[in-house]
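Below you'll find the structure, written out as structure tokens, and then a few comments.
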Amino acid sequence: MPDTPPPDGLLLTLQEAADRLKVHYMTAYRWVRKGQELPAFKAGGRLRVRASELERFLLDRQADVALPAGSPRRTRWAAHVDRLHRLLLDGRAVDAAGLLRKVVSDGAPAGDVYLSLLAPALHRVGEDWAAGRIGVAAEHRATEITAVAMARLGDHFRRRGPSRGVAVTLTPPGEQHGLGSAMAADFMRAAGYDVHHLGVNVPTGELRQFLSVVACDVICSSVTTPGLDPGYYRELVSVSRDGGPPAVVVIGGQGADPEAARDAGALHVADLRDLSLRLDAMARS
Ligand code: B12
């Protein structure tokens, strides 16, 4: 039985499909009879399975059995990333939501789902776009599916107990990539902050005005597109020192310039997992 996938356009008999799936013919037949499970159709009086659909089914099943319930450390992120990436490209929002629900209900923390599943899957979508394999519309669809999934996971980041302060999350003027700042908002909530998530493309003057009304302790700015004017970091730090006690400015994101951030007096944090510890360390010092 071949282990290399058959060419995408090929039509297989049900026996050939069962062989590739390493199951008995009758098992494959049951999966077909159950409807959506293994897509097949009749041609020339025999059941046929498209090779591309068979490969997708195989990938889905590998991910399904990847994680025994209750053992989050055994989460096979690579398999989940493969599957989610596929679902995002195909626009299968319901299946993507189902996958995330399953991974969380099997014990993976929602924060890990963000960092080890959603972000890498989107990075791959970006590679597909950059290589011309998908267009902007398909990329937008993938982002929207992810944003909805994140909204559903939002409750996992809520923390009871006394507030540790007020945080504002946003992206710089002109920066349209919003998921990094939305993730930062959730991580700050999980760390016990009351968060005002301002979203993307926030003019610094408007932020200054906002902060004259809402006192805040931490400002988290997410930079995705590289080449941002370093003057932005200085401006943000100046805004943070207007009026009352200064807020800590945190800069993160794949397009952030760590040196320019530090030179401006901001804290550069690359990994959201470190965010709360770095803020604690700063408060202590
Ligand atoms: C979706 C997307 C878009 C969407 C965004 C929609 C939206 N609502 O967000 C749209 C269509 C608007 C878009 C536009 C563009 N995009 Co775009 N986009 C992407 C894509 C596919 C996903 C972005 C994303 O959400 N990633 C998931 C997040 C969660 O990952 P992350 O940003 O790395 O964040 C992680 C860390 O960096 C960190 N983090 C992030 N923020 C913060 C903040 C703090 C405080 C901390 C501590 C940590 C932290 O934590 C996160 C989790 O690990 C990326 C691919 C990629 N590599 O990400 C390309 C990508 C970023 N885009 C790219 C480009 C080129 C563009 C455009 C210039 C295209 C164009 N010619 O118009 C424009 C620029 C628009 C602008 N002015 O901002 C390039 C950038 C290449 C580069 N390095 O120069 C990428 C990398 C695609 C690619 N492979 O080429 N894009």
What number of residues within the range 230-255 are buried (at least 22 other Cβ atoms within 10 Å of the Cβ), under 24 Å from G192 (Cβ atoms) and out of contact with any Phe, Trp or Tyr (no Cβ under 9 Å at 6 or more places or on another chain)?
6
Here is a list: R141, R133. Which entry is farther than 29 Å from L277 by Cα, surrounded by fewer than 14 Cβ atoms within 10 Å (Cβ to Cβ) and either near the ligand (Cβ under 7 Å from one of its atoms) or not assigned by TED's automatic domain parsing to the domain that holds P226 (or both)?
R133
Considering only helices (runs of 4 or more DSSP H) wholly within the range 106-215, the ones with at least 2 residues that are among the aliphatic types (A, V, I, L, M), in contact with a Phe, Trp or Tyr (Cβ under 7 Å, 6 or more places away or on another chain) and touching a residue at least 60 places away in the same chain (Cβ under 8 Å) are 179-190
Within the group G107, G98, which residue is outside the structural domain of A182 (by TED's automatic domain parsing), under 18 Å from R273 (Cβ atoms) and modelled with pLDDT under 95?
G107
Considering V214, V249, which residue is more than 26 Å from the chain's Cα centre (by Cα), closer than 27 Å to R158 by Cβ and β-branched (V, I, T)?
V214
Within the range 258-285, take every residue that is over 25 Å from D112 (Cβ atoms) and within 12 Å of the ligand (Cβ to nearest atom) and give me the one that is surrounded by the most Cβ atoms within 10 Å (Cβ to Cβ).
A261
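So that you can scan it fast, the table gives a plain yes or no per residue for (1) within 14 Å of E175 (Cα to Cα); (2) of a type in the set (A, V, I, L, M, F, W, C):
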residue: G227; (1), (2): yes, no
residue: L236; (1), (2): no, yes
residue: D257; (1), (2): no, no
residue: A261; (1), (2): no, yes
residue: A266; (1), (2): no, yes
Candidate set: the range 188-197, residues that are within 10 Å of T169 (Cβ to Cβ) and surrounded by fewer than 18 Cβ atoms within 10 Å (Cβ to Cβ); chosen: the one nearest to the ligand (Cβ to nearest atom)
H197
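The values are calculated or read from the model by the stated rules, or taken from the named source; none is laboratory data. Predicted, not measured: the structure shown is a model, and the values here were computed from it. All Cβ positions, even for glycine, are placed from backbone atoms using ideal geometry, and neighbour counts span all protein chains on display.
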